[in-house]
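Engineer: Here it is, the structure in full.
The values are calculated or read from the model by the stated rules, or taken from the named source; none is laboratory data. This structure is a prediction, so every number in the text was calculated from the model and none was measured. Counting neighbours? That spans all protein chains shown, and the Cβs are built from the backbone with ideal geometry, glycine included. Areas reflect the complete protein model, heavy atoms only, side chains present, ligands, DNA and RNA absent. Shrake-Rupley method; radii C 1.70, N 1.55, O 1.52, S 1.80 Å.
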Amino acid sequence: IEQWRFTHFGITTNTGNAADNADPDNDGVANLVEFNNGTLPNDATSLPVFVWHQPVSGNWTTAANWNIGLAPPSSPATRLEFLSDLTTLSAGTIIPNNDNAGIFSLNSLRLAGSGSGSIAINSTGGALRFHANGELPPQLKLNAYSTNLTYTLTNPIDLTADLTIDGANTGNFALNGP
C-alpha cells in the first residue's frame, strides 16, 4: 500500500489525504477501499462496483448487504449489481429497499442471479436517477439466468441521458415504477 500511496499522494505514510480512512475525492469511498478495489482515490468518477450479495431482503444503506462492506454512494459514477456473485438462489422473495434519502444517482444497474424454484426480487423504495459518467452512457443490464427468476423494479426512474437497456439470458423483468 505504501507504493500506492506514493503513486497517488507523493508520500508513503498513513496520514492526511493518504490515510487509510481518508476520502480526498469526496466520493464516499475511503482510500483503503479504493486501494483494495483498484480505483483512483483522487477521482470521484472512479468507484468500485457495488454488488448486493445477500440472498435476503434488506436496506441499501446496510453496509453488510454489499460486497465491499460499504453502502454505495449516490453518485453519477455509481455502478450497482444485484446478486451477480450468487449462482444458486432458493425459492422465495428478496426485497432490496432503496432507503436512501432523496433520489439515488447511479450510472449503471445490473440485475442478475440464478436459482431453483420460484424466485421474486422486488426492488422498492426511493427514486433512481441514471446519469452518463463521462463517455459511459447510463445502462440497465438484465442478466438473470433462470426463467423462474423475476425482477420487478418499482422504484421511480429518472433519466438525465438516454438509457441503454441490454438483456441477455432467460430471466423475467418488469419495470413498474411511477
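Engineer: Please verify whether Gly10 is open to solvent by less than 50 Å² (accessible area, probe 1.4 Å) and either among the hydrophobic types (A, V, I, L, M, F, W, C) or free of Cβ contacts under 8 Å to residues at least 12 places away in the same chain (or both), treating the condition exactly as stated.
Structural biologist: Against the criterion (open to solvent by less than 50 Å² (accessible area, probe 1.4 Å) and either among the hydrophobic types (A, V, I, L, M, F, W, C) or free of Cβ contacts under 8 Å to residues at least 12 places away in the same chain (or both)), Gly10 qualifies.
Engineer: Another question about this same structure. Does Thr93 satisfy the condition of being polar (S, T, N, Q), more than 17 Å from the chain's Cα centre (by Cα), surrounded by fewer than 15 Cβ atoms within 10 Å (Cβ to Cβ) and assigned to a loop (DSSP other than H, G, I, E, B)?
Structural biologist: No; evaluated as a whole, the condition is false for this residue.
Engineer: Inside region 163-177, can you point out the residues that are open to solvent by 40 Å² or more (accessible area, probe 1.4 Å) and under 14 Å from Arg129 (Cβ atoms)?
Structural biologist: Leu163, the sole residue that qualifies.
Engineer: If you check Asn36, Asn26, Asn17, which single one turns out to be part of a loop (DSSP other than H, G, I, E, B) and polar (S, T, N, Q)?
Structural biologist: Of Asn36, Asn26, Asn17, the one residue that is part of a loop (DSSP other than H, G, I, E, B) and polar (S, T, N, Q) is Asn26.
Engineer: Checking Gly58 against (1) more than 12 Å from the chain's Cα centre (by Cα); (2) at pLDDT below 95, which single condition isn't satisfied?
Structural biologist: Every listed condition holds for Gly58 apart from (2).
Engineer: Taking region 115-162 on its own, how many of its residues are more than 16 Å from Phe82 (Cα to Cα), open to solvent by 50 Å² or more (accessible area, probe 1.4 Å) and in contact with a strand residue (DSSP E or B) (Cβ under 6 Å, 6 or more places away or on another chain)?
Structural biologist: 5
Engineer: Another question, then. Give me the pairs, please: first residue somewhere in region 136-161 and touching a residue at least 60 places away in the same chain (Cβ under 8 Å) and within 17 Å of Leu111 (Cβ to Cβ), second residue anywhere and assigned to a loop (DSSP other than H, G, I, E, B) and charged (D, E, K, R), beta-carbon distance under 6 Å, and either six or more positions apart or on two chains.
Structural biologist: none
Engineer: Check every one of the strands (runs of 3 or more DSSP E) wholly within region 119-163 and list those with 1 or more residues that are of a type in the set (Asp, Glu).
Structural biologist: 157-159
Engineer: Among the residues of region 96-118, count how many are assigned to a loop (DSSP other than H, G, I, E, B) and farther than 16 Å from Thr164 by Cα.
Structural biologist: Selection size over region 96-118: 9.
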